[in-house]
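The values are calculated or read from the model by the stated rules, or taken from the named source; none is laboratory data. These numbers were taken from a predicted model, which means no experiment stands behind them. As a convention, Cβ positions derive from the backbone with ideal geometry for all residues, glycine included, and neighbour counts pool all protein chains shown. Ligands, DNA and RNA are stripped out before the accessible areas are found, and what is left, the full protein with its side chains, is counted by its heavy atoms. Shrake-Rupley method; radii C 1.70, N 1.55, O 1.52, S 1.80 Å.
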Amino acid sequence: MNACLGSAASAALDALDARGYAIVDGAIGHRRTRPVENAFRYPVFCLRLPLSRLAELPARGIALDRRGAISFHQRDHGPCDGSPLLPWIRARLAREGVDADGEVVLHAFPRMLGYAFNPVSFWVAYDRRGAARAVLAQVNNTFGERHEYLVARADGQPIRDGEVLEARKAFHVSPFCEVRGRYAFRFDFGGARWLARIDYFDRDDAAPLLETWISGRAAPLEPATVRRLLWRYRWFTLGVVVRIHWQAFKLWRRHVPWFAKPAPPGAAMNR
């Protein structure tokens with residue numbers, strides 16, 4: 001960043017770069033189409049974190065690997081052992097043959113008042129020219145299990161905004177969905193706006209069973225905006241977990257078929 005600019009101005013410029021720090025403040029939406037319709041939309045935010053620059057987080061108002069009202073702990077992500085995240089994701093991508101030699105940006109919920117739960121976090125891997133080469137979607141269920149879906153073009157070319165890429169479903173998330181079918185992923189990688197959409201198709205001859213998206217506008221990540229986040233979202237993590245169970249209760253009450261949880265997949269990742 002430009003050393004001649006003040007911290008607030010630098011943070012504002014950073015927020016306009018898809019590979020820069022930002023608070024992405026927006027909403028999450030979900031729609032189930034059958035056998036009953038169920039839809040909801042909730043306000044949410046996430047942090048956009050360039051992994052090569054995590055050391056800057058404390059100066060921006062977020063505690064790093066220590067207690068804080070809003071904090072980010074590396075042990076909540078990746079291998080979940082507290083080790084640095086950037087070498088882990090680079091090794092993961094290299095094993096899959098993904099040529100991404102630029103920044104890796106993590107979109108994730110932080111810990112609020114000491115607690116965090118990320119139903120899904122997105123690791124966007126860029127090349128040196130700033131093109132998105134791959135997205136690792138790291139999915140967590142409420143049973144303490146996790147799985148990764150690597151979203152990338154088969155020809156190795158950059159992912160375009162709005163392009164649809166698919167992955168086979170391999171992981172149990174909801175007891176109201178079987179582990180079968182496929183996901184269709186779509187992203188908008190703009191600096192000022194972030195969109196991640198995931199549609200779930202349980203069969204090929206029908207419209208998606210589930211439509212899910214998270215989107216928002218980028219705002220500067222600096223102490224002043226972090227303080228406002230704490231006031232607005234202090235019970236954020238509790239709200240995420242309560243809403244998951246509330247929506248499950250609504251489906252159960254409407255007699256949507258229930259599927260027992262299968263054994264987790266043998267492989268940690270699929271694409």
task = With a 1.4 Å probe and every protein chain left in place, tell me how much accessible area Met112 has, in Å² to the nearest 10.
result = 10 Å²
Crossing angle, helix 223-233 versus the chain [Cα axis fit, 0-90 degrees, rounded to tens] = 30 degrees
note = For the chain, the longest principal axis of the Cα atoms and the Cα long axis of helix 236-253 enclose an angle in degrees, to the nearest 10, of 10 degrees
task = Sort Arg146, Arg67 by accessible area with a 1.4 Å probe, largest first.
result = Arg67, Arg146
P(r), alpha carbons of the chain - 5 Å bins starting at zero, rounded % = 1, 5, 12, 17, 19, 18, 13, 8, 4, 1, 0, 0, 0
Relative compactness, segment 145-227, computed as alpha-carbon Rg over 2.2 N^0.38 Å = 1.33
ask   = Amide H of Arg133: which non-local residues (sequence gap of 5 or more, or other chain) have their own amide H closer than 5 Å, using H built in the peptide plane?
value = Ala125, Tyr126, Asp127, Ile159
task = For segment 212-222, take each phi angle, set θ = phi - 60°, evaluate the Karplus expression 6.51 cos²θ - 1.76 cosθ + 1.60, and give the result in whole Hz per residue in order, putting x for glycine and proline.
result = 9, 8, 9, 8, x, 9, 7, 10, x, 8, 8
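Quote the FRET efficiency, to the nearest 0.05, computed for Arg182 versus Lys250 with a Förster distance R0 of 35 Å and r equal to the Cβ-Cβ distance.
Once rounded, the FRET efficiency stands at 0.85.
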query = Just how large is the dipole of the chain about the Cα centre, in debye to the nearest 20, putting +1 at every Lys and Arg Cβ and -1 at every Asp and Glu Cβ?
reply = 800 debye
ask   = Taking only Cα atoms, what is the 0 to 90° angle, nearest 10, from helix 85-95's long axis to the longest principal axis of the chain?
value = 60 degrees
query = Rounded to a whole number, what % of the accessible area of segment 128-271 do carbon and sulfur atoms account for, probe 1.4 Å?
reply = 57 percent
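Relative contact order for segment 137-271 using alpha-carbon pairs under 8 Å, separation at least 6, rounded to a whole percent?
25 percent
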key: Magnitude of the charge dipole, segment 100-231, Cβ model with Lys/Arg +1 and Asp/Glu -1, debye to 20   = 400 debye
query = Taking Cα pairs under 8 Å and at least six residues apart, what relative contact order does segment 177-221 come out at, in percent?
reply = 34 percent
Magnitude of the charge dipole, segment 1-145, Cβ model with Lys/Arg +1 and Asp/Glu -1, debye to 20 = 220 debye
request  = Give a residue-ordered list of calculated ³J(HN,Hα) values for segment 36-51 (Karplus: 6.51 cos²θ - 1.76 cosθ + 1.60, θ = phi - 60°; whole Hz; x for Gly, Pro).
outcome  = 10, 8, 8, 9, 8, 8, 10, x, 9, 9, 9, 9, 9, 10, x, 5
remark   = For Glu163, other-chain or 5+-apart residues with amide H closer than 5 Å (H placed, Pro excluded) are Phe187
query = In whole percent, what relative contact order does segment 116-200 give with Cα contacts below 8 Å and a gap of six or more residues?
reply = 19 percent
key: Accessible area (Å², per residue) of the chain, counting only protein heavy atoms and a probe of 1.4 Å   = 48 Å²
key: Amide proton proximity set for Arg193, modelled H, under 5 Å, gap of 5+   = Ala218
inquiry  = Run the simple label-point estimate for Glu163 and Ala131 please: 7 Å along Cα→C-beta, distance reported in nm.
reply    = 0.8 nm
